[in-house]
Each structure stands twice: as C-alpha cells, then as structure tokens.
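Before any comments, here is the structure.
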Amino acid sequence: MTKSNKNSRLFLILNCLALGIIAMNLTAPVHEAMHLLTQMLAGAKPEVLAFGCAGTVDGTATADLDSVFWKVMFSGSAALMNIVIGTILLIVLKKAKLGPLSRPLVLMTTMMHYSMGFGYFIRDFFLYDPNPDPDVQQGDWAKVYENFGGNPALRIIMLIIGCLGILFVFYIAYRQAFHFISDNNDKKERNRVASAIYLFPYLLNAVVFTLVELNGPVAKANIESFLIISPLINFFGMIGIFWGYMFVAHMVKPRKQNVYYFSPCAEKKPVLWIAALAIVAFDAFVLCPGIWF
C-alpha cells in the first residue's frame, strides 16, 4: 500500500469516526429532549436534560395520566419518535442527492434512531419488573408496561415489533453499504468500507459515551442502574451497526447488482475532526452532567 493510499484510508476512518460522533449526538440527546418536551406538554415541571436522561419533577403533571394516550406517551414517546425520525431519514437516504460526507452521516443516524427506538421494545420486555423495589421501573417502555399492569400481550407484541425493527436495521446496513463499494466481489474493499462506516464508529461511540456518561445523573444517583442501562444502550442497543459490518465484510454473500454511488469521503477534513472533538467535550462537561432547570 502506498503512502497516499494509507493516508486516504486513515482519513476515511477519521472522517467516519467524526460522523459517527455527530450521528450519536443527533440521536441520544434528541431522544432525551423528546422525553422532556412530552412531559412538559403534560404539564410537568422540567428538572434536568442530559445526554443519557431527562426528567421532570414528580407529581407536577396536570394531564390525565390515566388516559391511554398519556400512559403510552409520558414515558414511551421518545422511542416512537426515534422510529419516526429513522423513517424520515431513510426516505432522505433513498430519495435525496447526498454527498460523500452527508450520505454516511444520514445512514449512521438512520440506523441509530431505528436501533434506539426498536431496541427499547426489546430491552424493556426483559427489563420490566412486576415487583419493582423501590417502586420505580427502569426503562422507558418498562414504565409503559407498568402503566398497563404488565399486560403480557402488549409486551409480546412490542417485543415482536422490536425484533422485526432490528432485523430491518440489519437489512438497511447490508443494502446501503454497497452504495459505497465499487467492486462487490472485492472482499478487501468490502471490509475497508464496512469497517469505516460501521465497525469503528460503533466501537468508538460505545466506549466513549459509556465513559463520559459516568459523570451523568444516572451514574451519580445509582451506579448499579447505570452499569446496566448505559452498556445496554451503547453496546447492545447499537448492535445492528456491528452486524452490518459483519454481514457486509464477512458473513453474507455480496450483492450481485452493483449499486455503487461513490466512496465515503477519504480526504483530509481537520475541521470535521475538531468539530467532533468539540462535541465530545461539550457532552462530557456540559450535557452529560446535565442542564438543570
């Protein structure tokens, strides 16, 4: 490999890592902001907005929380919003003319929103505790299930929807990767592209955002709860991205049809890298500790 090729591969990886950080910040904080906005619409008084959590003051809601609408939306709206945003971004991915930087960003953000939205249905099926101690459920949709008395049919239906949704993430990851691969039969190229847009951003985000959230309200309030929730979200919640890499690079036969658009940007983009580092710093020192009202 020539020095030029090595530099191009390095820049490709650095660009995709930066895009992955941006995509995560277009997903997790948006999820939490939706929680806060929904609960404020129910009349609750805002308390905190952080990277990994949002909350309002208990007992301040003025809406009828016993209605079916608020039983679902008060705690469950953010996951539903993730799915809506993922769907909109998927349409953009398919219909819009996107460039070598914007297409990987939209792809990553699409998969992250879908992974977070559908992932809550799966995780909280297992996380739901019929006898919580103390009397507080852990997990957005575990709280929804509690509002309906732990209804088994509801939990099973949402588990099925969640599993189908995650399988759809696998499908998106596999299909969309080949828009960046000029020779479908070139295993080295498949591995190079899939590593850049899937594997490395997945690993970096999982490690970095688990560590920075150690300074967040959930970790400070209950480290045991944090050690369950954060790794589940950051490692297993985004596992579809990892399997996207595995399918494209190693496990599934490549597509017969060539659907190549262009490679992800492999040019030197220091402004992008600096922006990503600034975002991580903002997350670590401002958003993860929380904005308190």
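Here are a few things to note about the model shown:
- 0 to 90° range, to nearest 10: angle between helix 28-41 axis and the chain longest Cα axis: 30
- Whether the range 21-81 is rounded, prolate or oblate, judged on the alpha carbon gyration tensor where a/c under 1.5 counts as rounded: oblate
- With all protein chains modelled, accessible area of residue 66 [1.4 Å, Å²]: 120
- The label-point distance for residue 278 and residue 259, in a model that sets each label 7 Å from Cα toward Cβ, rounds to 3.6 nm.
- Under the criterion of Cα pairs below 8 Å and six or more residues apart, the relative contact order for the range 126-258 equals 29 percent.
- In terms of its C-alpha gyration tensor, the range 47-96 has an oblate overall shape, because the principal axis ratio a/c (a ≥ b ≥ c, square roots of the eigenvalues) is not below 1.5 and a/b does not outweigh b/c.
- For the chain, the longest principal axis of the alpha carbon atoms and the long axis of helix 152-177 meet at an angle near 20°.
- From phi via Karplus (6.51, -1.76, 1.60), per-residue ³J(HN,Hα) for the range 98-104 in Hz, x at Gly/Pro: 10, x, x, 9, 6, 5, x
- Calculated [222 nm] ellipticity per residue, helices only, for the chain: -20000 deg cm²/dmol; basis is -39500 (n - 2.57) per DSSP H run with n ≥ 4, divided by all residues, nearest 500.
- Per-residue SASA entry for residue 157, accessible area with 1.4 Å probe, Å² rounded to 10: 90
- Pairs spanning more than 30 Å between alpha-carbon atoms, out of 97/256; 143/220; 220/268; 94/253; 6/253; 97/188: 220/268.
The values are calculated or read from the model by the stated rules, or taken from the named source; none is laboratory data. Treat the numbers as computed from the prediction; the structure is a model and nothing was measured. Glycine gets a Cβ as well: all are built from the backbone with ideal geometry, and neighbour counts include every protein chain shown. The area values use the complete protein model at the heavy-atom level, side chains included, leaving out ligands, DNA and RNA. Shrake-Rupley method; radii C 1.70, N 1.55, O 1.52, S 1.80 Å.
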